[in-house]
Amino acid sequence: MEGVDKEKVQKVIYEMSKGSKYFENEQRKEALTKQKIEHLRAQCAALTDNDISHFQKAAEKKMLELEASRDLSKIWLHTDMDAFYAAIETLEDPSLKGKPLAVGSMSMIATASYEARKFGVRAAMPGFIGCKLCPGLVFVRPNFERYTHYSELTRKVFQRYDPNFIATSLDEAYLNITNVCIERSITGEEVATELRTAIHQETGLTCSAGVAPNRMIAKVCSDINKPNGQFILPNDREAVLTFVSTLPIRKIGGIGKVTEQMLRQVLGISTCQEMLQKAAFLCALFSEGSADFFLSVGLGLGGTETPEQRQRKSISCERTFTATNDSSLLFEKLANLAENLAGDLQKEGLRGKTLTLKLKTADFEVRTRAVTTRGFINSKEDILIYATKLLKAEMPLSLRLMGLRMSQLHDEKDDSSTSTQKTLDIFFRSSNNASTGQQDFFVHDESIFIPEQRNLVNYSNEGVLSNPVIGDGLGGVSLDDVMNTEKLDDLSVLTSPEATASSCKPGQQLWIDGYICSICGFELPPGFEEERQEHSDFHLAESLQQEETVDSKRTISNESRLAERPCSSTPTPKKKLKSSKEGKHIPIDAFFTKCNKNL
DNA sequence: GTTGTTTTGAGAG
DNA sequence: TCGCTCTCTCAAAACAAC
């Protein structure tokens, strides 16, 4: 921003931050970045002339390929609303007009008005620093319903120019205006002017626009004449190359503070064009994907086709709070998060397999710990079981943020769920579920089939349930249960040897209808005598093993229980390799292959 | 033993 | 007194397949 005393702003930010835990963490992160830079420098120095010549050839080949893919036939427009949240608040309350305004709180500013920006106040800045920079700063709490309403109004306008426009946030969108330009014989510039006028008429808000042959450049262009302006780059190769020749790499979406530092300090790259000059080194030092991206940037290439609508890959929630090491408070917050996440999953009809616990310590260190469950889950109770295990493994610690994310999603509406029918363990489990009502925690044979659950089954409690049947994924686990280690570990009774042994007496094994195993539901027609015998032996061995281990398991101390970690999570140090028996998942297909071979 | 794939944690944007 | 949500990438470890 012009007129901002950047030095003064930097000094205020430094003075306000130094000595804080946040600041210390930032320094830690900077040290890590320096390490990365040193590592890259060493790699660079180790390159021989031969290496460089090899990578130069590879880079030239890649650049030719990329150049061949250049498409100048499309016209893309990027729009960005000006200080969107602040502008809406001013529109709704005209008394705010002309005042330095921050939408957010003392903790964090989401958007600042242009009057506030003159003082150096900006988005993603803590409110208390904003106050210091601009003593008269007016704060307004965010009102997302309001912003969504206005966003919808802008989208109605976008729709008229490109029905398949790509909204990247409430206030930004990409429009492919090629057809509009052709059909109405007008230029991209005329479309941009018309669209911005329409937005203003229909919302009372202003926006900026950029027009270019691809999305990457269009986004850069929309920032050039902000606020309430536009910039048009013609669909001409030379114009594009001239444009990027002096363009600082930091202007490109995807190149942030760390990448900028690495490219500048290791290879001396600061403009997009310099990417091409150092192409061989980019290919030598970075992964293929990264190198391709950097070279595309150097050539001014970007997306020109409207991408297919992507499916959601994860769903999460997280909350920041006053740092605490009070475990009861932390588990209470965890329960709230589990409830929120379950609600969101159920609202969208989704279930997930991988649960990730995110933690931010009082020192701002961020950790994630994940567990992959055997089946798809979405109930608060199931989520809480796994989340609690993950959190317990990290205790004790002082936290200021916790979050839960579910990934490897599966749409409930799509019940084909082929992925759950791939392995014997799931096969066995599902057949047992049918008779017991259990879903995710039934263990037929802990040592073979369910390594993730070993922390649940390695020790059973004194009180073994006479009836192992528990409803939908251990429903009804209360906060008290979660808080109480003993109670939580009582869950092991679900998978206790007694619980399963009672249903696994080999002598009672019957082939229902002549081919369905009454214990696990596995189907083996008469004629597969050898396999049927093998199958019976398996259940016999299983039963004997369980009986043998019952007593020893009961004697395991509480200490060893606490030392257990969720097996699928990967805390530091990484989990040990399991023995083949412990960790082996036997693909059901493989079993059938074997059967066929024996025919 | 080698190679390819998946999982996990970390971090960028 | 420094947020929330989501996607993507990378490296290393774990694991499967040959």
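So the label point goes 7 Å from the Cα of A:K99 along Cα→C-beta, right? Which residues of the stretch A:136-155 then have their backbone N under 15 Å from it?
Zone members listed by number: A:136-142.
Based only on the alpha carbon positions, what is the Kirkwood hydrodynamic radius of the stretch A:76-232, in angstrom?
Details: mean 1/r = 0.0624 Å⁻¹.
Mean inverse Cα-Cα distance, inverted, gives 16.0 Å.
In whole Å, how far is the Cα centre of the stretch A:196-230 from that of the stretch A:282-297?
Going from one Cα centre to the other spans 30 Å.
How many nm separate the modelled label positions at A:T271 and A:S290, each set 7 Å beyond the Cα in the direction of the Cβ?
Those two pseudo-labels are separated by 2.5 nm.
At 1.4 Å probe size, with every protein chain present, just tell me what the per residue accessible area of the stretch A:76-232 comes to in Å². Before the final figure, lay out the partial values.
Numbers: 6970 Å² over 157 residues.
In whole numbers, the stretch A:76-232 has 44 Å² accessible per residue.
Could you calculate the contour length gain from A:R146 to A:R237, that is, 0.36 nm times the residue separation minus the distance between their Cα atoms, to one decimal place in nm?
Working: separation 91, 0.36 × 91 = 32.76 nm, distance 4.20 nm.
Additional length available on full extension: 28.6 nm.
By how many nm would the segment from A:Q56 to A:E24 lengthen if fully extended, with 0.36 nm per residue of separation less the alpha-carbon distance? Before the final figure, lay out the partial values.
Working: separation 32, 0.36 × 32 = 11.52 nm, distance 4.10 nm.
The A:Q56-A:E24 span can extend by a further 7.4 nm.
To the nearest 0.05, how large is the calculated FRET efficiency for A:T187 and A:M395 if R₀ is 41 Å and r is the Cβ-Cβ distance?
Details: r = 63 Å, r/R0 = 1.54.
So, using R0 = 41 Å, E works out to roughly 0.05.
Give the peptides A:150-162, A:373-385, A:329-341 in descending order of average Cβ contacts within 10 Å, highest first. Intermediate values should be presented prior to the final figure.
Details: A:150-162: 17.4, A:373-385: 23.5, A:329-341: 19.5.
Peptide ranking by packing, descending: A:373-385, A:329-341, A:150-162.
If you stretched the chain out fully between A:L329 and A:E348, how much longer would it get, using 0.36 nm times the residue separation minus the C-alpha to C-alpha distance? Kindly include the intermediate steps, with their values, before the conclusion.
Values: separation 19, 0.36 × 19 = 6.84 nm, distance 2.89 nm.
Here the answer is 3.9 nm.
Can you compute the modelled spin-label distance between A:E318 and A:E15, with each label point 7 Å from Cα toward Cβ, in nm?
Distance between the two pseudo-spin positions: 3.2 nm.
How are the C-alpha pair distances of the stretch A:88-156 spread across 10 Å bins, as whole percents from the shortest bin up?
23, 49, 24, 3
Quick check on the stretch A:331-414: what are the equivalent-ellipsoid semi-axes from the Cα gyration tensor, as sqrt(5λ), descending, whole Å?
23, 12, 11
Within the stretch A:76-232, what whole-number % of the accessible surface is contributed by carbon and sulfur, with the 1.4 Å probe and all protein chains included in the calculation? Numbers along the way, then the final one.
Numbers: 3620 of 6970 Å².
Whole-percent figure for carbon plus sulfur exposure: 52.
Can you tell me the alpha carbon radius of gyration of the stretch A:1-157 divided by the globular rule-of-thumb value 2.2 N^0.38 Å? Each step should come with its number before you reach the end.
Numbers: Rg = 23.1 Å, N = 157, 2.2 N^0.38 = 15.0 Å.
The value comes to 1.54.
Per residue, how much accessible area does the stretch A:321-375 show when a 1.4 Å probe rolls over the protein heavy atoms, in square angstrom?
Details: 2250 Å² over 55 residues.
Solvent-accessible surface per residue comes out at 41 Å².
Lys and Arg at +1, Asp and Glu at -1: add these up for the other residues within a Cβ distance under 13 Å of A:Y174 and post the number. Spell out each step's value before the answer.
Values: positive: A:K74, A:R155, A:R215, A:K219; negative: A:D80, A:D162, A:D171, A:E172, A:E305.
Its environment carries a net charge of -1.
Report, in whole Å, the centroid distance computed from the Cα atoms of the stretch A:315-363 and the stretch A:1-44.
30
Beyond 26 Å, how much of the Cα-Cα pair distribution for the stretch A:229-360 remains, as a whole percent? Spell out each step's value before the answer.
Numbers: 4585 of 8646 pairs.
The calculated P(r) of the stretch A:229-360 puts 53 percent of pairs beyond 26 Å.
Based on the Cα atoms of the stretch A:160-232, what semi-axes does the equivalent ellipsoid have, where each is the square root of 5 times one gyration tensor eigenvalue, given in whole Å with the largest first? Walk me through the intermediate numbers first.
Numbers: eigenvalues 56, 43, 33 Å².
Each semi-axis is the square root of five times an eigenvalue, giving 17, 15, 13 Å.
With a/c under 1.5 counting as rounded, go ahead and sort the stretch A:189-286 into rounded, prolate or oblate using the C-alpha gyration tensor (a ≥ b ≥ c being the square roots of the eigenvalues; past the cut-off, prolate if a/b is larger than b/c, else oblate). Show your work: numbers first, answer last.
Working: a/c = 3.68, a/b = 2.17, b/c = 1.70.
Prolate, because a/c is 1.5 or more and a/b exceeds b/c.
If I compute solvent accessible area with a 1.4 Å probe over the protein chains, what percent of it on the stretch A:331-414 is carbon and sulfur?
Details: 1180 of 2950 Å².
It is 40 percent, rounded to a whole number.
The values are calculated or read from the model by the stated rules, or taken from the named source; none is laboratory data. Everything quoted here is computed from the prediction, not taken from an experiment. Every residue, glycine among them, receives a Cβ derived from its backbone with ideal geometry; neighbour counts consider all protein chains shown. All accessible areas refer to the heavy atoms of the entire protein, side chains included, with ligands and DNA or RNA removed. Shrake-Rupley method; radii C 1.70, N 1.55, O 1.52, S 1.80 Å.
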